[in-house]
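S.K.: Starting off with a structure, shown below.
Since every read-out is calculated from the coordinates, none of them should be taken as a lab result. Fair warning: this is a prediction, and the values are worked out from it, not measured in the lab. As a convention, Cβ positions derive from the backbone with ideal geometry for all residues, glycine included, and neighbour counts pool all protein chains shown.
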Amino acid sequence: MKRIILLALLAMALPLAAFADNSVDFTNSGGTLSGSSEGLSLTGSELIAVNGLGGGGLITGGLGGVSFSTGTLAGGSLQNGGTFNGGGSFTITGNGTNGVPSGTIFTGSFTGPVTWTLVTLADGTHNYTLTGSITGQWYGTGAAVFGATVQLTINTGKGFFNGSTTISSGDTNIGSVPEPGTLGLLGTGMVGLAGIVRRKLKA
């Protein structure tokens, strides 16, 4: 009886593993951030670090690229900070280095407003940060995933954003959402375990 219950618990543990915290962190650097009232877009930014991919640790180096575009300007201004509409696109690609997949790792879009914030430093110079939530699909599986990104521009001096600047660094964290099939497996495992326990109790 103990062996049967242990096997049933093991069968249930497999779908439960999909609920574990398996988020992946991506760091990018450089690239040109361009913007107008039509939206902000990042091109040519290098993926320089990945942490947690496939349950692994930190991988660094020239690993691929990050690019995105937002929706249109919803409020505020490019110079003083504002909000952009969601939509657009967000893509992370790998180049096959150090275990990072070759090709598209994540493809999706912004799920809601994208915040564009002016940060004035003590010396009167300016940085800008872009923050937003994203959702899309994970490579190889097509699984639905969600996440968030923060992108920091280089210091623009005492001038303001004039339509183009360089990204200093960015961080994007993506976590998985259990697929309906995974939830079905979990339910099947629970029903199976309940049936085994009930039969053994009657015996």
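S.K.: I need the phi-derived Karplus couplings for region 131-146: 6.51 cos²θ - 1.76 cosθ + 1.60, θ = phi - 60°, integer Hz, Gly and Pro marked x.
M.R.: Going residue by residue, I get 10, x, 8, 10, 8, x, 10, 8, 4, x, 10, x, 5, 6, 9, 9 Hz, with x marking Gly and Pro.
S.K.: To continue, here is another question. Taking the inverse of the average 1/r across all pairs of different Cα atoms in region 40-162, what Kirkwood radius in Å do you get?
M.R.: Over region 40-162, the inverse of the mean reciprocal pair distance is 15.6 Å.
S.K.: Spin-label point model (7 Å from Cα, Cβ direction): what's the T104 to V150 distance in nm?
M.R.: 2.8
S.K.: When Lys and Arg each count +1 and Asp and Glu each count -1, what net charge do the other residues less than 13 Å away from I92, Cβ to Cβ, add up to?
M.R.: Spelling it out: positives minus negatives among the neighbours equals -3.
S.K.: Given points 7 Å out from each Cα along the Cα-Cβ axis, report the T131 to T60 separation in nanometres with one decimal.
M.R.: Those two pseudo-labels are separated by 2.6 nm.
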